[in-house]
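Comments concern the structure below.
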Amino acid sequence: MTATPQAPVAVTGAEGFIGSPLVEALVAAGRRVRAMVQYNSFSSFGWLETLPKEVLAETEIVLGDVRDPGSVTGLVTGADTVYHLAALIAIPYSYRAPHSYVETNVTGTLNVLEAVRHLGTPRLVHTSTSETYGTALTVPITEDHPINTQSPYAASKAGGDRLADSYHASFETPVVTLRPFNTYGPRQSMRAVIPTVIARVAAGERSLDLGDLRPTRDFSYVKDTVAAFLAVGTAPAEHVVGRTFNAGTGREISIGDLVTLIGKLMDAELEVREDTRRVRPAASEVMRLLCDASRLRAATGWAPAHHLEEGLARTIEFFRDPANLARYKTDIYNV
Ligand SMILES: NC(=O)c1ccc[n+]([C@@H]2O[C@H](COP(=O)([O-])OP(=O)(O)OC[C@H]3O[C@@H](n4cnc5c(N)ncnc54)[C@H](O)[C@@H]3O)[C@@H](O)[C@H]2O)c1
(Lines give C-alpha, C1' and ligand atoms only; values in the text may rest on other atoms or scores of the structure.)
Protein backbone atom coordinates (compact mmCIF):
# COMPACT_ATOMS: atom_id res chain seq x y z
CA MET A 1 0.00 0.00 0.00
CA THR A 2 1.36 3.43 -0.89
CA ALA A 3 1.16 6.23 1.66
CA THR A 4 -1.36 8.98 0.94
CA PRO A 5 0.54 12.10 -0.12
CA GLN A 6 0.43 14.82 2.51
CA ALA A 7 -2.20 17.49 1.84
CA PRO A 8 -0.64 20.80 0.83
CA VAL A 9 -0.94 24.11 2.62
CA ALA A 10 -2.39 26.85 0.38
CA VAL A 11 -1.07 30.41 0.58
CA THR A 12 -2.48 33.51 -1.17
CA GLY A 13 -0.20 36.51 -1.54
CA ALA A 14 2.66 33.98 -1.54
CA GLU A 15 4.95 36.08 -3.75
CA GLY A 16 4.82 39.08 -1.40
CA PHE A 17 6.85 40.53 1.43
CA ILE A 18 5.27 38.42 4.22
CA GLY A 19 3.94 35.59 2.03
CA SER A 20 7.35 34.57 0.65
CA PRO A 21 9.06 34.02 4.03
CA LEU A 22 5.85 32.28 5.19
CA VAL A 23 6.30 29.82 2.30
CA GLU A 24 9.91 29.27 3.40
CA ALA A 25 8.85 28.71 7.02
CA LEU A 26 6.12 26.24 6.02
CA VAL A 27 8.58 24.23 3.92
CA ALA A 28 11.10 24.33 6.78
CA ALA A 29 8.33 22.89 8.98
CA GLY A 30 8.01 19.95 6.57
CA ARG A 31 4.96 21.11 4.59
CA ARG A 32 4.28 21.12 0.85
CA VAL A 33 2.96 24.49 -0.26
CA ARG A 34 0.55 25.47 -3.03
CA ALA A 35 1.37 29.11 -3.57
CA MET A 36 -0.93 31.51 -5.41
CA VAL A 37 0.92 34.20 -7.34
CA GLN A 38 -1.24 36.90 -8.90
CA TYR A 39 -1.50 36.31 -12.64
CA ASN A 40 0.54 38.87 -14.58
CA SER A 41 1.81 39.26 -18.11
CA PHE A 42 5.49 39.11 -17.11
CA SER A 43 5.25 35.55 -15.71
CA SER A 44 6.76 37.09 -12.61
CA PHE A 45 6.66 34.97 -9.45
CA GLY A 46 7.70 37.95 -7.31
CA TRP A 47 9.93 37.13 -4.34
CA LEU A 48 9.32 33.39 -4.82
CA GLU A 49 11.84 33.64 -7.68
CA THR A 50 14.58 34.32 -5.13
CA LEU A 51 13.91 31.34 -2.84
CA PRO A 52 16.41 28.45 -2.64
CA LYS A 53 15.68 25.58 -5.03
CA GLU A 54 15.12 23.18 -2.10
CA VAL A 55 12.21 25.40 -1.02
CA LEU A 56 10.86 25.68 -4.56
CA ALA A 57 11.01 21.89 -4.91
CA GLU A 58 8.31 21.70 -2.22
CA THR A 59 6.31 24.61 -3.63
CA GLU A 60 3.69 24.38 -6.36
CA ILE A 61 3.27 27.85 -7.87
CA VAL A 62 -0.21 28.56 -9.22
CA LEU A 63 -0.94 31.74 -11.14
CA GLY A 64 -4.38 33.05 -10.20
CA ASP A 65 -6.42 35.84 -8.72
CA VAL A 66 -8.42 35.97 -5.49
CA ARG A 67 -11.07 38.03 -7.28
CA ASP A 68 -11.86 34.97 -9.39
CA PRO A 69 -13.85 32.28 -7.50
CA GLY A 70 -12.73 29.41 -9.75
CA SER A 71 -9.11 30.38 -9.31
CA VAL A 72 -9.52 30.30 -5.52
CA THR A 73 -11.38 26.97 -5.53
CA GLY A 74 -8.55 25.42 -7.54
CA LEU A 75 -6.00 26.70 -5.05
CA VAL A 76 -7.87 25.48 -1.97
CA THR A 77 -8.97 22.04 -3.26
CA GLY A 78 -7.24 19.32 -1.23
CA ALA A 79 -5.41 21.74 1.10
CA ASP A 80 -5.70 21.21 4.86
CA THR A 81 -4.86 24.82 5.78
CA VAL A 82 -5.19 28.10 3.90
CA TYR A 83 -3.19 31.21 4.76
CA HIS A 84 -4.95 34.11 3.06
CA LEU A 85 -2.56 37.05 2.74
CA ALA A 86 -3.38 38.38 -0.74
CA ALA A 87 -4.45 42.01 -0.58
CA LEU A 88 -3.90 45.45 -1.97
CA ILE A 89 -2.06 47.07 0.93
CA ALA A 90 -0.91 50.60 0.14
CA ILE A 91 -2.89 53.35 1.83
CA PRO A 92 -2.06 56.15 -0.67
CA TYR A 93 -3.08 54.00 -3.64
CA SER A 94 -6.36 53.17 -1.84
CA TYR A 95 -7.30 56.86 -2.13
CA ARG A 96 -6.91 56.57 -5.90
CA ALA A 97 -8.27 53.12 -6.67
CA PRO A 98 -10.78 52.18 -3.93
CA HIS A 99 -12.87 49.87 -6.13
CA SER A 100 -9.89 47.60 -6.66
CA TYR A 101 -9.40 47.42 -2.87
CA VAL A 102 -12.99 46.30 -2.33
CA GLU A 103 -12.72 43.75 -5.14
CA THR A 104 -9.44 42.31 -3.81
CA ASN A 105 -9.75 42.66 -0.03
CA VAL A 106 -13.51 42.16 0.41
CA THR A 107 -14.69 40.07 -2.56
CA GLY A 108 -11.36 38.23 -2.66
CA THR A 109 -11.78 37.26 1.00
CA LEU A 110 -15.39 36.24 0.34
CA ASN A 111 -14.15 33.92 -2.42
CA VAL A 112 -11.64 32.31 -0.02
CA LEU A 113 -14.32 31.89 2.67
CA GLU A 114 -16.73 30.33 0.17
CA ALA A 115 -14.10 27.89 -1.08
CA VAL A 116 -13.13 26.86 2.46
CA ARG A 117 -16.78 26.48 3.44
CA HIS A 118 -17.78 24.34 0.47
CA LEU A 119 -14.61 22.23 0.39
CA GLY A 120 -14.65 21.65 4.18
CA THR A 121 -11.04 22.87 4.59
CA PRO A 122 -10.03 22.30 8.23
CA ARG A 123 -8.34 25.67 8.88
CA LEU A 124 -8.29 29.16 7.33
CA VAL A 125 -6.02 31.91 8.59
CA HIS A 126 -7.37 35.28 7.46
CA THR A 127 -5.07 38.33 7.56
CA SER A 128 -6.29 41.58 9.09
CA THR A 129 -4.25 44.69 9.97
CA SER A 130 -3.76 47.05 12.91
CA GLU A 131 -4.88 49.86 10.58
CA THR A 132 -8.47 48.72 11.25
CA TYR A 133 -8.21 50.17 14.79
CA GLY A 134 -7.41 53.69 13.61
CA THR A 135 -5.70 56.07 16.04
CA ALA A 136 -5.53 54.34 19.42
CA LEU A 137 -8.24 55.46 21.85
CA THR A 138 -6.65 53.37 24.62
CA VAL A 139 -3.22 51.74 24.77
CA PRO A 140 -1.99 49.13 24.45
CA ILE A 141 -4.58 48.10 21.86
CA THR A 142 -6.37 44.84 22.62
CA GLU A 143 -8.67 43.01 20.22
CA ASP A 144 -11.63 44.65 22.02
CA HIS A 145 -10.53 48.13 20.92
CA PRO A 146 -13.16 49.73 18.61
CA ILE A 147 -12.66 49.45 14.87
CA ASN A 148 -12.25 52.88 13.23
CA THR A 149 -11.34 52.67 9.57
CA GLN A 150 -9.65 55.92 8.51
CA SER A 151 -8.67 54.93 4.94
CA PRO A 152 -10.29 52.95 2.12
CA TYR A 153 -7.54 50.34 2.70
CA ALA A 154 -8.49 49.94 6.37
CA ALA A 155 -12.19 49.84 5.49
CA SER A 156 -11.67 47.11 2.90
CA LYS A 157 -9.60 45.02 5.32
CA ALA A 158 -12.23 45.44 8.06
CA GLY A 159 -14.85 44.31 5.52
CA GLY A 160 -12.90 41.10 5.01
CA ASP A 161 -12.60 40.66 8.79
CA ARG A 162 -16.37 41.06 9.27
CA LEU A 163 -17.05 38.48 6.56
CA ALA A 164 -14.64 36.07 8.27
CA ASP A 165 -16.41 36.54 11.61
CA SER A 166 -19.80 36.12 9.95
CA TYR A 167 -18.77 32.87 8.23
CA HIS A 168 -17.66 31.45 11.56
CA ALA A 169 -20.94 32.50 13.19
CA SER A 170 -23.19 31.42 10.30
CA PHE A 171 -21.49 28.28 8.97
CA GLU A 172 -18.91 27.36 11.64
CA THR A 173 -16.23 28.00 9.03
CA PRO A 174 -12.97 27.26 10.90
CA VAL A 175 -11.40 30.67 10.41
CA VAL A 176 -8.90 32.44 12.66
CA THR A 177 -7.98 36.08 12.05
CA LEU A 178 -4.44 37.31 12.61
CA ARG A 179 -4.13 41.07 12.97
CA PRO A 180 -0.44 41.98 12.52
CA PHE A 181 0.80 45.43 13.51
CA ASN A 182 3.29 47.11 11.14
CA THR A 183 5.80 44.58 9.85
CA TYR A 184 9.22 45.30 8.34
CA GLY A 185 12.22 43.38 7.06
CA PRO A 186 13.94 42.12 3.90
CA ARG A 187 11.82 42.15 0.70
CA GLN A 188 9.40 44.85 1.89
CA SER A 189 8.41 47.28 -0.85
CA MET A 190 9.30 50.96 -0.74
CA ARG A 191 5.65 51.82 -0.16
CA ALA A 192 6.49 51.50 3.57
CA VAL A 193 8.66 53.90 5.55
CA ILE A 194 11.45 51.59 6.79
CA PRO A 195 12.48 50.27 3.35
CA THR A 196 12.07 53.78 1.93
CA VAL A 197 14.60 55.22 4.37
CA ILE A 198 17.02 52.29 4.31
CA ALA A 199 17.00 51.83 0.52
CA ARG A 200 17.52 55.55 -0.13
CA VAL A 201 20.39 55.75 2.33
CA ALA A 202 21.89 52.54 0.92
CA ALA A 203 21.68 54.18 -2.54
CA GLY A 204 23.75 57.11 -1.24
CA GLU A 205 21.03 59.69 -0.52
CA ARG A 206 21.22 61.75 2.67
CA SER A 207 18.28 64.11 2.10
CA LEU A 208 14.93 62.32 2.48
CA ASP A 209 11.37 63.34 1.56
CA LEU A 210 8.96 61.71 4.02
CA GLY A 211 5.39 62.07 5.32
CA ASP A 212 4.29 63.02 8.86
CA LEU A 213 7.04 62.21 11.40
CA ARG A 214 4.80 62.34 14.48
CA PRO A 215 2.71 59.13 14.27
CA THR A 216 3.89 56.18 16.34
CA ARG A 217 3.87 52.53 15.27
CA ASP A 218 4.59 49.16 16.82
CA PHE A 219 7.00 47.48 14.39
CA SER A 220 7.42 43.69 14.16
CA TYR A 221 10.30 42.00 12.37
CA VAL A 222 8.89 39.87 9.55
CA LYS A 223 10.15 36.58 11.02
CA ASP A 224 8.10 37.26 14.15
CA THR A 225 5.00 37.98 12.07
CA VAL A 226 5.57 34.76 10.12
CA ALA A 227 5.90 32.87 13.42
CA ALA A 228 2.55 34.35 14.48
CA PHE A 229 0.94 33.04 11.27
CA LEU A 230 2.32 29.55 11.94
CA ALA A 231 1.20 29.75 15.57
CA VAL A 232 -2.45 30.43 14.71
CA GLY A 233 -2.36 28.07 11.73
CA THR A 234 -1.23 25.09 13.79
CA ALA A 235 -2.66 25.67 17.31
CA PRO A 236 -5.45 23.35 18.50
CA ALA A 237 -8.76 24.54 17.02
CA GLU A 238 -10.39 25.10 20.43
CA HIS A 239 -7.71 27.69 21.28
CA VAL A 240 -7.91 29.80 18.12
CA VAL A 241 -10.80 29.12 15.73
CA GLY A 242 -13.42 31.88 15.57
CA ARG A 243 -11.08 34.34 17.27
CA THR A 244 -8.98 37.38 16.30
CA PHE A 245 -5.39 37.80 17.49
CA ASN A 246 -3.16 40.87 17.51
CA ALA A 247 0.52 40.34 16.73
CA GLY A 248 2.97 43.06 17.76
CA THR A 249 5.80 43.83 20.15
CA GLY A 250 4.32 46.19 22.76
CA ARG A 251 6.92 48.86 21.91
CA GLU A 252 6.06 52.04 20.00
CA ILE A 253 8.33 54.51 18.24
CA SER A 254 7.55 57.70 16.32
CA ILE A 255 8.48 57.82 12.64
CA GLY A 256 10.84 60.72 13.43
CA ASP A 257 12.70 58.70 16.09
CA LEU A 258 12.76 55.69 13.79
CA VAL A 259 14.48 57.69 11.04
CA THR A 260 17.04 58.95 13.59
CA LEU A 261 17.66 55.37 14.72
CA ILE A 262 18.13 54.12 11.15
CA GLY A 263 20.53 57.01 10.47
CA LYS A 264 22.55 55.98 13.52
CA LEU A 265 22.58 52.29 12.53
CA MET A 266 23.68 53.19 8.98
CA ASP A 267 26.20 55.76 10.20
CA ALA A 268 24.57 58.46 8.07
CA GLU A 269 23.79 62.11 8.82
CA LEU A 270 20.23 62.55 7.47
CA GLU A 271 18.25 65.61 6.52
CA VAL A 272 14.47 65.04 6.45
CA ARG A 273 12.00 67.17 4.50
CA GLU A 274 8.22 66.85 4.64
CA ASP A 275 6.78 65.86 1.27
CA THR A 276 3.14 66.97 1.04
CA ARG A 277 2.39 64.10 -1.39
CA ARG A 278 3.23 61.67 1.39
CA VAL A 279 1.18 63.31 4.15
CA ARG A 280 -2.22 61.67 4.55
CA PRO A 281 -5.35 63.85 4.89
CA ALA A 282 -5.46 64.81 8.61
CA ALA A 283 -8.47 62.70 9.58
CA SER A 284 -7.09 59.72 7.63
CA GLU A 285 -3.72 59.62 9.44
CA VAL A 286 -3.49 56.98 12.18
CA MET A 287 -1.53 58.80 14.88
CA ARG A 288 -0.83 55.99 17.31
CA LEU A 289 -0.64 52.18 17.23
CA LEU A 290 0.69 50.11 20.14
CA CYS A 291 -0.09 46.41 20.41
CA ASP A 292 -1.27 44.23 23.25
CA ALA A 293 -0.56 40.68 22.02
CA SER A 294 -1.34 38.93 25.29
CA ARG A 295 -4.27 37.00 23.77
CA LEU A 296 -1.98 35.46 21.14
CA ARG A 297 0.68 34.69 23.72
CA ALA A 298 -1.87 33.00 26.03
CA ALA A 299 -3.44 30.93 23.24
CA THR A 300 -0.28 29.82 21.41
CA GLY A 301 2.82 30.77 23.43
CA TRP A 302 3.93 33.14 20.61
CA ALA A 303 6.28 35.97 21.56
CA PRO A 304 8.38 38.26 19.36
CA ALA A 305 12.03 37.20 19.23
CA HIS A 306 13.64 40.23 17.54
CA HIS A 307 14.32 43.66 19.03
CA LEU A 308 13.79 46.61 16.69
CA GLU A 309 17.55 47.37 16.52
CA GLU A 310 18.34 43.76 15.58
CA GLY A 311 15.58 43.57 12.94
CA LEU A 312 16.66 46.90 11.46
CA ALA A 313 20.28 45.71 11.28
CA ARG A 314 19.18 42.63 9.31
CA THR A 315 17.03 44.78 7.03
CA ILE A 316 19.94 47.17 6.42
CA GLU A 317 22.15 44.20 5.52
CA PHE A 318 19.55 43.09 2.97
CA PHE A 319 19.32 46.51 1.31
CA ARG A 320 23.09 47.00 1.28
CA ASP A 321 23.45 43.94 -0.95
CA PRO A 322 23.62 45.49 -4.46
CA ALA A 323 21.68 42.57 -5.97
CA ASN A 324 18.77 43.28 -3.63
CA LEU A 325 18.95 47.06 -3.94
CA ALA A 326 18.87 46.74 -7.75
CA ARG A 327 15.31 45.40 -7.46
CA TYR A 328 14.09 48.72 -6.03
CA LYS A 329 13.30 52.10 -7.62
CA THR A 330 15.00 54.34 -5.08
CA ASP A 331 14.62 57.51 -7.19
CA ILE A 332 10.80 57.68 -7.31
CA TYR A 333 7.92 57.88 -4.83
CA ASN A 334 6.67 54.27 -4.70
CA VAL A 335 2.88 54.42 -4.25
N1 LIG B 1 3.28 44.79 5.84
C2 LIG B 1 2.63 45.14 6.93
O3 LIG B 1 3.09 45.96 7.72
C4 LIG B 1 1.28 44.52 7.23
C5 LIG B 1 0.69 44.80 8.49
C6 LIG B 1 -0.55 44.25 8.78
C7 LIG B 1 -1.17 43.42 7.86
N8 LIG B 1 -0.60 43.17 6.66
C9 LIG B 1 -1.31 42.27 5.73
O10 LIG B 1 -0.44 41.21 5.39
C11 LIG B 1 -0.76 40.72 4.09
C12 LIG B 1 0.50 40.67 3.23
O13 LIG B 1 0.97 41.99 3.04
P14 LIG B 1 2.46 42.34 2.57
O15 LIG B 1 2.95 43.42 3.45
O16 LIG B 1 3.24 41.08 2.42
O17 LIG B 1 2.17 43.02 1.16
P18 LIG B 1 2.52 42.56 -0.33
O19 LIG B 1 1.93 43.59 -1.24
O20 LIG B 1 3.96 42.26 -0.46
O21 LIG B 1 1.70 41.20 -0.44
C22 LIG B 1 0.38 41.12 -0.90
C23 LIG B 1 0.35 40.11 -2.03
O24 LIG B 1 -1.01 39.94 -2.50
C25 LIG B 1 -0.94 39.76 -3.91
N26 LIG B 1 -2.21 40.15 -4.51
C27 LIG B 1 -2.73 41.41 -4.64
N28 LIG B 1 -3.89 41.36 -5.30
C29 LIG B 1 -4.11 40.05 -5.60
C30 LIG B 1 -5.15 39.37 -6.28
N31 LIG B 1 -6.20 40.03 -6.80
N32 LIG B 1 -5.08 38.02 -6.41
C33 LIG B 1 -4.02 37.34 -5.89
N34 LIG B 1 -3.00 37.94 -5.24
C35 LIG B 1 -3.06 39.27 -5.10
C36 LIG B 1 0.19 40.69 -4.36
O37 LIG B 1 0.70 40.30 -5.61
C38 LIG B 1 1.19 40.59 -3.22
O39 LIG B 1 2.18 39.62 -3.48
C40 LIG B 1 -1.86 41.64 3.55
O41 LIG B 1 -3.10 41.00 3.75
C42 LIG B 1 -1.74 42.89 4.41
O43 LIG B 1 -2.98 43.56 4.50
C44 LIG B 1 0.62 43.70 6.32
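The values are calculated or read from the model by the stated rules, or taken from the named source; none is laboratory data. Predicted model only: the values in this text are computed from it and were never measured. For neighbour counting, all protein chains shown are included, and Cβ atoms are generated from backbone atoms with ideal geometry for every residue, glycine included.
Annotations for the structure displayed:
- Only one entry of 52, 69, 8 meets the criterion of being more than 19 Å from residue 186 (Cα to Cα), surrounded by fewer than 20 Cβ atoms within 10 Å (Cβ to Cβ), modelled with pLDDT of 95 or more and not aromatic (Phe, Trp, Tyr), and that entry is 69.
- Any hit, the stretch 267-274, residues being within 21 Å of residue 129 (Cβ to Cβ), touching a residue at least 24 places away in the same chain (Cβ under 8 Å) and either within 16 Å of the ligand (Cβ to nearest atom) or hydrophobic (A, V, I, L, M, F, W, C) (or both): no
- Residues of the stretch 72-85 classified as surrounded by fewer than 20 Cβ atoms within 10 Å (Cβ to Cβ) and within 12 Å of the ligand (Cβ to nearest atom), total: 0
- So residue 46, is it within 13 Å of the ligand (Cβ to nearest atom) and on the phi > 0 side of the Ramachandran plot: yes
- Scanning the stretch 304-326 for residues that are exposed (fewer than 14 other Cβ atoms within 10 Å of the Cβ) and not in a helix (DSSP H, G or I) yields 305, 307, 321, 326.
- Test: residue in the stretch 53-68 that is within 12 Å of the ligand (Cβ to nearest atom) and assigned to a helix (DSSP H, G or I): no
- Some residue of the stretch 19-29 being more than 9 Å from the ligand (Cβ to nearest atom), closer than 19 Å to residue 232 by Cβ and acidic (Asp, Glu): yes
- Within the stretch 4-22, not a single residue is touching a residue at least 24 places away in the same chain (Cβ under 8 Å), of a type outside the set (S, T, N, Q), within 30 Å of residue 335 (Cβ to Cβ) and in contact with an Asp or Glu (Cβ under 7 Å, 6 or more places away or on another chain).
- Test: residue in the stretch 241-255 that is touching a His at 6+ places or on another chain (Cβ under 9 Å), closer than 25 Å to residue 150 by Cα and of a type in the set (Phe, Trp, Tyr): no
- Criterion: away from the ligand (no atom under 16 Å from the Cβ), crowded, with 17+ Cβ neighbours inside 10 Å and either of a type in the set (D, E, K, R) or in a loop (DSSP other than H, G, I, E, B) (or both) - qualifying residue of 149, 138, 121: 121
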